[in-house]
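Contents: one structure, followed by commentary.
The values are calculated or read from the model by the stated rules, or taken from the named source; none is laboratory data. Note that this is a predicted model, so its numbers are computed, not measured. Note: ideal-geometry Cβ built from the backbone for every residue, glycine included; neighbour counts use all protein chains shown.
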Amino acid sequence: MTILLNSDFASHRSSPAVAELAFLGPKGTYSHQAAYDRFGEGVRYVGRPTITDVYESVRSGECPVGLIPQENSIHGIVIESYDALRVPDFGSKVFVRGEVTIKIQHCLITRKGVALQDVKRILSHEQALGQCGRFIKSHLKDAVLVKTPSTVAGVEAILNDEREGRSSAAIASSVCERLFDGIQVLQKGIQDQASNFTRFYVLARSVDWQLPSNPTSFSPWSYESPRNKGLLRIRVSETCDPLPDFTHSRSQVTHGTGGSDLASLLSVLGLPICRLDRRPLLGAKTFTNLYIVEVDGGEQSFDSAGSSPIASDIAMGPDGLGRWVGGATDLEMWALRLREATGRVVEAGGDAEVLGCW
Ligand SMILES: O=C(O)C(=O)C[C@]1(C(=O)O)C=C[C@@H](O)C=C1
């Protein structure tokens, strides 16, 4: 673990030239560690209580940068983050601008003096509970599972709950042992398999903001993609939905009469697809889907700093973030290709928006 606690993740610095980054707090969460691995002392860290609040901080302009968990290698996508990707403002006021992946090693944490056989409740983020299912089944199969907004919120809850704190455990990072008095790590590495990684999206308010770089730390566990990526939201027109509309009575059931289907919309994109996720669209016909599509733009050809398209093209704004000021950069060209690809989907009869470009 490469977390640097001596700086407190720079959370108390308040230079106006330093951009504020919203993350799922409190400090010590995996989100905090991922953000610190990516940005080091380059930003000021602002913990928010839920993933939705992180999204909202960026959307409202409170913080120009944010970080949300996207997927875990054992338990799959982070539903609350994908729910943010469904919101119409994602793609107009908030964009994915980068990614970072870190290794996850979960610990069973209790108040000091509590033994495994005393544990009747386990508190954690639903992702952590899901990643540790085998351990829970074999060692604590009768324990009640309690979802908390983050792993560290679970640790705080066992410390604050005078009535049930002594019969509870949290699942969180070993970093918590250094952050909180009165707790102990009962067991380390309790996830279903030793290899466990979570990938995070870096959010910003526009596709043309240059993210702050990290001058201070390098983690062997964190991984930033060296490739250009794009994130798109695609919706197939309702006329080709093959399912009946369950919101109407049987006599009104109609089936699709043609139009575009998902496969043809994906083929007109003309870009390699790295992943495809689906979420139901709220407020629409029953079983209407939104598809979240990640596409690959090939090797990045940025400068050796790894983050700026062409260093001389960047000017610092009052928010502490760089902005492109010169001619078209590789990233701008990639953003253009993504917009053209979504244009082709719309021409083919679907809906498509760019949610991210990095
Ligand atoms: O609760 C935290 O510590 C988080 O940062 C959230 C989160 C997630 O949502 O996936 C991040 C990484 C781990 O997979 C477990 C939980």
Restricting attention to region 55-78, which residues are touching a strand residue (DSSP E or B) at 6+ places or on another chain (Cβ under 8 Å) and within 10 Å of the ligand (Cβ to nearest atom)? L67, I68, P69, Q70, E71, N72, S73, I77, V78
Selection from region 33-55 of residues that are of a type in the set (S, T, N, Q) and either outside any helix (DSSP H, G or I) or within 17 Å of G356 (Cβ to Cβ) (or both): T50
Within the set of pairs 6+ apart or on separate chains, which have a first residue in region 195-208 that is among the charged types (D, E, K, R), a second that is part of a strand (DSSP E or B) and within 9 Å of the ligand (Cβ to nearest atom), and C-beta atoms under 9 Å apart? R199/P69; R199/Q70; R199/E71; R199/N72; R199/I102
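Every residue, every condition in (1) under 19 Å from I77 (Cα atoms); (2) near the ligand (Cβ under 10 Å from one of its atoms); (3) among the aliphatic types (A, V, I, L, M); (4) not assigned by TED's automatic domain parsing to the domain that holds A35, yes or no:
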{"site": "R111", "(1), (2), (3), (4)": "no, no, no, yes"}
{"site": "V114", "(1), (2), (3), (4)": "no, no, yes, yes"}
{"site": "K120", "(1), (2), (3), (4)": "no, no, no, yes"}
{"site": "A128", "(1), (2), (3), (4)": "yes, yes, yes, yes"}
{"site": "H139", "(1), (2), (3), (4)": "no, no, no, yes"}
{"site": "V144", "(1), (2), (3), (4)": "no, no, yes, yes"}
Let me spell it out: the conditions are (1) surrounded by 14 or more Cβ atoms within 10 Å (Cβ to Cβ); (2) modelled with pLDDT of 95 or more, and D330 meets all of them except one. Which number is the exception? (2)
Could you tell me how many of the residues in region 56-71 are within 12 Å of A204 (Cβ to Cβ) and part of a helix (DSSP H, G or I)? 3
Collect the residues in region 103-117 that are assigned to a loop (DSSP other than H, G, I, E, B) and either over 16 Å from the mean Cα position of the chain (by Cα) or without any contact (Cβ under 8 Å) to a residue 24 or more places away in the chain (or both), keeping them in residue-number order. Q105, H106, K112, G113, V114, A115
Every listed condition ((1) among the charged types (D, E, K, R); (2) assigned to a strand (DSSP E or B); (3) more than 24 Å from G47 (Cα to Cα)) holds for D142 save (2)
Could you go through region 172-180 and let me know if any residue there is within 20 Å of the chain's Cα centre (by Cα), under 28 Å from D53 (Cβ atoms), within 16 Å of the ligand (Cβ to nearest atom) and part of a loop (DSSP other than H, G, I, E, B). yes
With (1) surrounded by 24 or more Cβ atoms within 10 Å (Cβ to Cβ); (2) in contact with an Asp or Glu (Cβ under 6 Å, 6 or more places away or on another chain) as the list, and A128 as the residue in question, which single condition is left unmet? (2)
Selection count where residues are within 12 Å of the ligand (Cβ to nearest atom) and in contact with a His (Cβ under 6 Å, 6 or more places away or on another chain), scope region 181-213: 1
Can you tell me which of S206, S217 is outside the structural domain of L281 (by TED's automatic domain parsing), in a loop (DSSP other than H, G, I, E, B) and modelled with pLDDT of 85 or more? S206
Before we move on, is R166 more than 16 Å from the ligand (Cβ to nearest atom) and either free of Cβ contacts under 8 Å to residues at least 24 places away in the same chain or within 18 Å of I68 (Cβ to Cβ) (or both)? no
Considering every residue within region 79-102, establish whether at least one is in a strand (DSSP E or B), within 16 Å of the ligand (Cβ to nearest atom) and over 23 Å from R199 (Cβ atoms). no
